[in-house]
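Undergrad: Below you will find the structure I want to go over with you.
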There are 2 protein chains.
Amino acid sequence: MKNNICVTILMLTLFVSLCFAQNEKANIKEDFKPSVLNQPGQEYPQVNSQGYARFRIFAPEAKSVKVTLGGREGTILLKSDDGYWTGTTAEPLDEGFHYYHLIVDGGIFNDPGTLNFYGSVRWESGIEVPASDQDFYALKDVPHGRVQQVLFPSKSTNSIRRAFVYTPPDYDKDPKKRYPVLYLQHGWGEDETAWSNQGHANLIMDNLIAEGKIKPFIIVMTYGMTNEIRFGELRKFDIKPFQTVLVDELIPYIDQNFRTIADQPHRAMAGLSMGSMETKLITLANVDKFSYIGLFSGATISMDDVNKTPGFKEKVKLVFVSYGTKEIDWMIQRGKEFTGGDPRENVESLKKAGINCVLYMSPNTAHEFLTWRRSLKEFALLLFRE
Amino acid sequence: MKNNICVTILMLTLFVSLCFAQNEKANIKEDFKPSVLNQPGQEYPQVNSQGYARFRIFAPEAKSVKVTLGGREGTILLKSDDGYWTGTTAEPLDEGFHYYHLIVDGGIFNDPGTLNFYGSVRWESGIEVPASDQDFYALKDVPHGRVQQVLFPSKSTNSIRRAFVYTPPDYDKDPKKRYPVLYLQHGWGEDETAWSNQGHANLIMDNLIAEGKIKPFIIVMTYGMTNEIRFGELRKFDIKPFQTVLVDELIPYIDQNFRTIADQPHRAMAGLSMGSMETKLITLANVDKFSYIGLFSGATISMDDVNKTPGFKEKVKLVFVSYGTKEIDWMIQRGKEFTGGDPRENVESLKKAGINCVLYMSPNTAHEFLTWRRSLKEFALLLFRE
């Protein structure tokens, strides 16, 4: 089971660099604006209304400067007499968030113009192409919850570990009110900062709560790379160390230190990519602890998994599976077989067996964070309804 | 008054790059270890037991790679056949935290080996030289408070602004307990992340509380660069926009959303460098709101200031002034006059007038964060004692 999920994630992730719309060769509109993720006062990188990105780097003595975005080959920048290297992607980028870095004279550096985000086991540069539906994760004048850094003791790893906890806007209004909890995992090479920094999980929640679309719940985000494995070694992934941290150490800590409803019906787990693999393995081994399962861009649950898991049908209230349409298209166009089964067929087979299973497809996105922002929103709408 | 403080801060800050011990030419011990601020799995930069730093950067096609640490000229790295550029500082660095960046072929980039910290109005690379007294800000197995990101509405700036709030470990144990509050400001070019990231304010508090040395209090850290001024323009600094945000918007928000003791005797303000200037101006204009004043490496309060401020003697319980010894030495060695008065003389004159005024000198540190970590600890020990 593990190996199959790994192969799917491996293929989907390799595909990130190929996920740009390749049909358009339209004239490039000169309406470029600084990316919203730029450092204060920085004019570059910029994005235009078509999704083209333009980069500008000062390195007067450099021989070559390249950006790892803009198609398979990236974007090669050209130097002007003023020492600045400039270039525009050959094609528009997908809407949403993209990681990238520079290659300056053969060395890997970040773009000094923009903020850094932890991905690929390093702090990477980030750029944001405004999405047509960006309103659902926008910073608005609504009541805001908090993102709290907690440091919790972990005997199994002999360390003090970090988690971020989202508490909803009304958390401190009524000291007797208790809340359900979603444990939300990042992908390979990311860390516990990803879901609030890249994912805007807190703003997605604030907006859904302000619109009255969901009942408030707590989100807990912690570091899931307990194995310190390299990307190609994902299939060696052993869930036990992280399962011990999450189930035996973090959950009791959260239940003791936050006003949670500390039972199975009010506890959910979800994750993206590698985090979906962790979610699948941990929830199937702990159906007495989690009632809602969210699998974003990676693992799916088959009837075989269900049949091997005593109590699944009685205890699990929701299996939510999501992908970006470009992830699925990519697999189909290349005639790739979904290892672990076609997620769409898995979802159908669970539905037929009377299990509440939902498939969400994020329009025109690939194995990137806009898929996961949307997935979190759609998943949140279905949580803790009973 | 403002101009004088600005000139002092300007001189002290320019002096940062000169603050390295210049006497030692001892043999360099080959006991280098990765800096504790390195990104996961990164071997460089390294620091040895004498405080020398060694850097290693991959850039096979580069013409020149320089590091802005290690004396006035920085450290020039030399290239090996494997494409790596390596170099060691000519002198040991001071103990504690240092900002730096690379200059690769004339362009400014961060060291891909280490974490970034916001300073100089950009995310800079950071390196840590272990300090002899590092235990007071170490991450230990003690109860930990939380650092909470809050987003608060600001009508005066027509924006939603961010603050980080430290709540002590017992904050959620007793929903009726209320706490005093310290408003704590960063320096020029830094932001609201500085005091927890570079300053370890939360760990300093956790440790002091665990040792029973202080009564728990809340710390609030927000962005003080409301003017978006450049460094050379500090003397144009107008305190009004930030004073409005802090006093009229943030304090009421904090008092409404956290269990504070919302009165003058239980409210303190402190800041480092530019933040000390803000602290002086805001507290003198609001002695009915703040009873404890902490001025780290910048502003001091003279008897002239006291005499111009009605109610000061009755209402202000503590004026705490601190510097690194190397900051003061630098001024003296160069025969510089302290604009705004010699802080040591100002402290003495306030003491003679019966005002509770304390001068703390951080041993062998300059205008850098180890001075301010120590200053926060010493200041915290004196707060809210009545």
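Undergrad: Once you have the Cα-Cα distance between residue B:262 and residue B:63, take 0.36 nm times their residue separation minus that, and quote the gain in nm to one decimal.
TA: Between residue B:262 and residue B:63, full extension yields 65.8 nm more.
Undergrad: Suppose R0 equals 25 Å; then what is the FRET efficiency for residue A:155 and residue A:313 from their Cβ-Cβ distance, rounded to the nearest 0.05?
TA: The pair residue A:155/residue A:313 has a calculated efficiency of 0.10.
Undergrad: Roughly what percent of Cα-Cα pairs across segment B:245-386 reach past 19 Å?
TA: The share of Cα pairs beyond 19 Å in segment B:245-386 comes to 51 percent.
Undergrad: Ordering B:29, A:326, B:177 by how much accessible area each has at a 1.4 Å probe, largest first, what is the list? Intermediate results must be reported in sequence, preceding the final value.
TA: Values: B:29 110, A:326 45, B:177 75 Å².
Heavy-atom accessible area, descending, gives B:29, B:177, A:326.
Undergrad: Calculated FRET efficiency, residue B:356 and residue B:178, Cβ-Cβ r, R0 35 Å, to nearest 0.05?
TA: Efficiency for this residue pair is about 0.90.
Undergrad: Related question: Quick one: with label points 7 Å out along Cα→Cβ, list the inter-copy distances for residue B:63 in nm, shortest first?
TA: Between copies, matching label points for residue B:63 lie 1.2 nm apart.
Undergrad: Calculate how steeply helix A:2-14 sits against the longest principal axis of the alpha-carbon atoms of chain A, using the helix alpha-carbon long axis, and give the answer as 0 to 90 degrees to the nearest 10.
TA: Tilt of helix A:2-14: around 20 degrees.
Undergrad: Further question on the same structure: Once the Cα gyration tensor of segment A:234-318 is found, what semi-axes does its equivalent ellipsoid get, as square roots of 5 times the eigenvalues, in whole Å, sorted largest first?
TA: Over the Cα atoms of segment A:234-318, the ellipsoid semi-axes are 20, 17, 11 Å.
Undergrad: Treat segment A:120-212 as a sphere of radius equal to its Kirkwood radius over Cα pairs and apply Stokes-Einstein at 25 °C in a medium of 0.890 mPa s; give the translational diffusion coefficient in µm²/s, rounded to a whole number.
TA: Diffusion coefficient, whole number: 160 µm²/s.
Undergrad: Rg and Dmax in Å for segment A:268-307, alpha carbons only: what are they?
TA: 9.2, 25
Undergrad: Testing the spin-label approximation: label points 7 Å from Cα along Cα→Cβ at residue A:303 and residue B:78. State their distance in nm.
TA: In this crude spin-label approximation the distance works out to 7.1 nm.
Undergrad: Hey, what angle do you get for helix B:369-380 against the long axis of chain B, alpha-carbon based, 0 to 90 degrees rounded to 10?
TA: Once rounded, the angle reads 30 degrees.
Undergrad: Per q in 0.06 1/Å, what log10 I(q)/I(0) does a Debye calculation on the alpha-carbon atoms of the protein assembly as shown return?
TA: After summing over all Cα pairs, the log10 values are -0.39.
Undergrad: Mind checking the per residue accessible area of chain B for me, 1.4 Å probe, whole number of Å²?
TA: Values: 15010 Å² over 386 residues.
Per-residue accessible area for chain B comes out at 39 Å².
Undergrad: Further question on the same structure: What is the interface area between chains A and B, defined as buried accessible area summed over both chains with a 1.4 Å probe, reported in Å² to the nearest 100?
TA: Numbers: alone 16800 and 16840 Å², together 30000 Å².
Chain pair A/B: roughly 3600 Å² of buried accessible area.
Undergrad: Between residue A:240 and residue A:213, take the C-beta separation as r, use R0 = 30 Å, and let me know the FRET efficiency to the nearest 0.05. Each step should come with its number before you reach the end.
TA: Working: r = 37 Å, r/R0 = 1.24.
After rounding, the FRET efficiency stands at 0.20.
Undergrad: Let me ask something else about it. If you roll a 1.4 angstrom probe over the protein chains with everything in place, what fraction of the accessible area of chain B belongs to carbon and sulfur, to the nearest %?
TA: Here it works out to 50 percent.
Undergrad: With just the Cα atoms of segment B:150-292, tell me how far they stretch along each of the three principal axes, in Å, largest first.
TA: 45, 28, 27
Undergrad: Could I ask something else about it? Which one of B:75, B:47, B:96 is farthest out on the positive end of the charge dipole of segment B:13-130, using unit charges on Cβ (Lys, Arg +1; Asp, Glu -1) and the Cα centre as origin?
TA: Farthest towards the positive end: B:75.
Undergrad: Okay, helix-only estimate at 222 nm for the protein assembly as shown: each DSSP H run of n ≥ 4 adds -39500 (n - 2.57), divide by all residues, round to 500 deg cm²/dmol; what do you get? Write out the running numbers ahead of the final one.
TA: On the way: 22 runs with 178 residues, N = 772.
Counting only the DSSP helices, I get -6000 deg cm²/dmol.
Undergrad: What number do you get for segment B:13-130 when its Cα radius of gyration is normalised by 2.2 N^0.38 Å, N = residues?
TA: Dividing the Cα Rg of segment B:13-130 by 2.2 N^0.38 Å gives 0.99.
Undergrad: Now, a different point. Using every pair of alpha-carbon atoms in chain A, split the distances into 10 Å bins beginning at 0 and state the percent of pairs per bin, rounded to integers.
TA: Values per bin, smallest distances first: 5, 23, 32, 25, 12, 3, 0.
Undergrad: As I understand it, the value is the acute angle between the Cα axis of helix A:201-210 and the longest principal axis of the Cα atoms of chain A; what does it come to in degrees, rounded to 10?
TA: The answer is roughly 70 degrees.
The values are calculated or read from the model by the stated rules, or taken from the named source; none is laboratory data. Since the structure is predicted, the reported quantities are computational estimates derived from the model, not experimental observations. Cβ atoms come from the backbone with ideal geometry, glycine included; neighbour counts cover every protein chain shown. Accessible surface areas use protein heavy atoms only, side chains included; no ligands, DNA or RNA. Shrake-Rupley method; radii C 1.70, N 1.55, O 1.52, S 1.80 Å.
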